[in-house]
Structure formats: structure tokens, C-alpha cells
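Written below as C-alpha cells is the structure these notes are about.
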Amino acid sequence: MGEYDRPQEVSGSAILLAFLSGAAVGAVAALLMAPQSGRESREQLRGYARRAGENLREVTDRAGETWQTAMEKGGEVVREQKSILKEALDAGREAMRRPREQPEEKKTSGL
């Protein structure tokens, strides 16, 4: 399979950016084509900008919360794996300290 045949993964931030860009272009186009005064258009633009800013803050807050949750879960996984590794190392050290049992030599009878 070639380099261009593989499906490309798209991040959530790229999708959000594309959505917001499309919304902004659509809003500007609608304002330019709408039969209203300049003052009304500016007020409408301010409203769009305010709502876009609020939506962006909400998305940013949610992204921050998601990042925090991911970091906490990652820390838990690291602590668990560290504990498992420590137990394995301790068991290995203990095994090395124990005297090795040697198999009993078979006694051969002299014929």
C-alpha cells in the first residue's frame, strides 16, 4: 500500500478549526449579500464575533478538562506499571539471593 493510500487521521482541533473557518466565511458572505445598513451589519458582526468567542472559550475549557483527565489517568497508569516493575525486580533479587538448589548426584554402584 502506498503512502497516499493509507487513511489519514484528522485531529479534533483540525475539525474544529475547519468548522469555525467555514462559519466565519459564511457569516461574512451573508453580511455582504444582505440588504441592510452598514450599522446593522456591524452590529450583526459583533454578535457573531461575541458568540464565536464564547463558543471558543467553552471548547477551550472542555479541551483543558479533557487534557487534565488524560494526564491524571496517564499518571495512574505510570504508577501502576512502576509498582508492577518494582515487584518483579524485588522478586528477581530475592530469587538471586536464595542459594541455588543443586540436583542430588545420582549414586552409582560399583560393578
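Charges at C-beta only: +1 for Lys and Arg, -1 for Asp and Glu. How large is the resulting dipole of region 12-96 about its Cα centre, in Debye rounded to 20?
Roughly 460 debye, rounded to the nearest 20.
Which net charge results when you count Lys and Arg as +1 and Asp and Glu as -1 among the other residues whose beta-carbon is under 14 Å from that of Asn55?
Once all neighbours under 14 Å are counted, the net charge is +1.
Rounded to the nearest 20 Debye, what is the dipole magnitude of region 40-79 about its Cα centre when Lys and Arg each give +1 and Asp and Glu each give -1 at the C-beta?
The dipole magnitude comes to about 100 debye.
Sort Leu45, Leu31 so that the residue with the fewest other Cβ atoms within 10 Å of its own Cβ comes first and the one with the most comes last.
Least crowded to most crowded, the residues run Leu45, Leu31.
Quote the convex hull volume per residue of region 12-96, based on C-alpha atoms, as a whole number of Å³.
Each residue corresponds to 68 Å³ of Cα convex hull volume.
Every read-out reported here was derived from the displayed coordinates using simple, explicitly stated rules and does not represent laboratory data. Only a predicted model underlies this, so the values are computations on that prediction, with no experimental measurement involved. Ideal geometry is used to build each Cβ from the backbone, glycine not excepted, and the neighbour counts take in all protein chains shown.
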